[in-house]
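Contents: one structure, followed by commentary.
Each value in this text was obtained by applying a stated rule to the coordinates, not by laboratory testing. Small disclaimer: the values here were computed from a predicted structure and weren't measured. Every residue, glycine as well, gets a Cβ built from its backbone with ideal geometry; the counts of neighbours run over all protein chains shown.
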Amino acid sequence: MADLNIGQWIYGALGDSTEGVLLCVFLIFLIDAIAFPTLPEVFFAAGIMFNPDPAFAAELLLAAIAAELAGTWLLYAAVGRTGVPARIEKLASKYAKFLIMGDERLLLLNRAAPMIPFAGAFIRIMKWRIGLSMAYIASGCVLKYGAIAALSGFFYGYFESGAATNVTVAFIIAVVAASTASSLIMSRRRAAAEGREE
């Protein structure tokens, strides 16, 4: 739970104004892209709960996309500069073959079922096209976080504030649970299929 604690610390330190919330979302998404999972969905929804205005939701979405792309690019560049051991490269290649798709499209699927940690490093190791990879990452952010923003806006439009907050939190928990479950199911199916091939 250290990942959630870091996000809570960032929100506690900066999240008392719209600019602070935008910076929080940016930093949490950046950390998620570079270092370790931070449950960005939770903090994105917290930003919307702070200010449910659609214009602010669009700003949050832009902050999330910018952070995802910046973090991915930084990791991609770092791995390009330092390289990785051949063993890690071999493991990454084997892992990519294990997954449902073995190319850049996996980055779009990764929004719904997180299976690729450290996407920037993975892109470099797999020698995927960086432009196409970034386009898939940005598209995935727009689809996932745009849906969260739209549904949160709907909740705030049709429920009283307290109920809207509860429904939004329940929705985010459902999104995180569904993402985790789909990731596990897809991994198990792929493992079972590989077991039958051997």
- In whole Å, largest first, what are the principal axis extents of the Cα atoms in segment 31-135? 48, 29, 23
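Computed FRET efficiency, Cβ-Cβ of Asn51 and Ser187, R0 41 Å: what is it to the nearest 0.05? Show your work: numbers first, answer last.
Details: r = 37 Å, r/R0 = 0.91.
My answer for the efficiency is 0.65.
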- At q = 0.15, 0.19 1/Å the base-10 log of I(q)/I(0) from the Debye formula over the alpha-carbon atoms of segment 73-154 is -0.55, -0.81
